[in-house]
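So the structure is just underneath, and the comments pick up after that.
The values are calculated or read from the model by the stated rules, or taken from the named source; none is laboratory data. Computed from a predicted model, the values in this text were never measured in an experiment. Methodologically, a virtual Cβ is constructed for each residue, glycine included, from the backbone with ideal geometry; neighbour enumeration extends over all protein chains shown.
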Amino acid sequence: MNIRACFAEAISTFALVFFGPLSIIMTAAVFGDGLSTETIFVISLAHGAAIGLMVYSFGHISGAHINPAVTIPMIITRKITISDGAGYIISQIIGAIVASFSLKLILPDLGAKVNYGVQGGPSELLHGDAMLGLSLEIILTFFLVTVIFMTAVHKKASPGFHGISIGGMIFLLHLVGIPLTGASMNPARTLGPAIASGFWEFHWIYWVGPIVGGIIAGMIMNYVFVNNDD
């Protein structure tokens, strides 16, 4: 197991689960608890920037997966060993939990108002339907992992743009996904705040949806595009 790479995954995931939910906490404090154009934009930008910057910071160390739904397809397509992949996932979960409890320590009252940024399940726009929420998380994660494979994994991708591409896709997916499911696309991102807040409603959606969407995208991109162009 590559301890150095695992540590990079823990730091990267900490950054996402600290700054992403922190943006939710601060927008709630400034704009109120309801969603507004300003709120959605700020939260989307914070998540996209956190991911993009961590990709540039640690991509050359660990690949900057920052997400079990990215690591699992990488294991299946043999881009990473099972032992390293398991270490990555454990490190991502640890980083997420530590980040959430850091927020709980620093901003206990403000954070509690928004459950430290945990996704709350399918919204009224989806009629609270779990299967619609699950389907959307599958689709959102499919396109996230598609961008990752085609920009960071594909050997013929333009160098130097994967951080912008991945961060940009995160930004886009949050813009459209926040009003619908909260736009997780990452089990670790949801798990940390769930543990800190004790809010577990619809939690399974944010594991099954991202993992299924990630696997489908990883298999298609790898065997249709990546391997055929090597």
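In segment 213-230, how many are surrounded by 18 or more Cβ atoms within 10 Å (Cβ to Cβ), among the β-branched types (Val, Ile, Thr) and modelled with pLDDT of 95 or more?
1
(1) closer than 21 Å to Ile80 by Cβ; (2) of a type outside the set (Asp, Glu); (3) surrounded by fewer than 18 Cβ atoms within 10 Å (Cβ to Cβ); (4) modelled with pLDDT of 95 or more: which one isn't true of Val176, the others all being true?
For Val176, the exception is condition (1).
Report yes if Ala29 is under 12 Å from the mean Cα position of the chain (by Cα), assigned to a helix (DSSP H, G or I) and not hydroxyl-bearing (Ser, Thr, Tyr), otherwise no.
Against the criterion (under 12 Å from the mean Cα position of the chain (by Cα), assigned to a helix (DSSP H, G or I) and not hydroxyl-bearing (Ser, Thr, Tyr)), Ala29 does not qualify.
Looking at this structure, is Leu144 of a type in the set (A, V, I, L, M), part of a helix (DSSP H, G or I), closer than 23 Å to Ile51 by Cβ and modelled with pLDDT of 95 or more?
Yes, satisfied.
Does Ile94 count as in a helix (DSSP H, G or I) and without any contact (Cβ under 8 Å) to a residue 12 or more places away in the chain?
So Ile94 fails the test.
Which is modelled with pLDDT of 95 or more and surrounded by fewer than 19 Cβ atoms within 10 Å (Cβ to Cβ), of Ile72, Ile43, Ile76?
Step by step, each of Ile72, Ile43, Ile76 is checked, and only Ile76 is modelled with pLDDT of 95 or more and surrounded by fewer than 19 Cβ atoms within 10 Å (Cβ to Cβ).
Please determine whether any residue of segment 185-192 is touching a residue at least 60 places away in the same chain (Cβ under 8 Å), out of contact with any helix residue (DSSP H, G or I) (no Cβ under 7 Å at 6 or more places or on another chain) and not in a helix (DSSP H, G or I).
no
Just give me the residues in segment 199-216 being outside any helix (DSSP H, G or I) and either touching a residue at least 40 places away in the same chain (Cβ under 8 Å) or within 21 Å of Met150 (Cα to Cα) (or both), in sequence order.
Passing the criteria: Phe199, Glu201, Phe202.
Give Ser184, Ser165 a once-over and let me know the one that is surrounded by fewer than 21 Cβ atoms within 10 Å (Cβ to Cβ) and hydroxyl-bearing (Ser, Thr, Tyr).
On inspection, the qualifying residue turns out to be Ser165.
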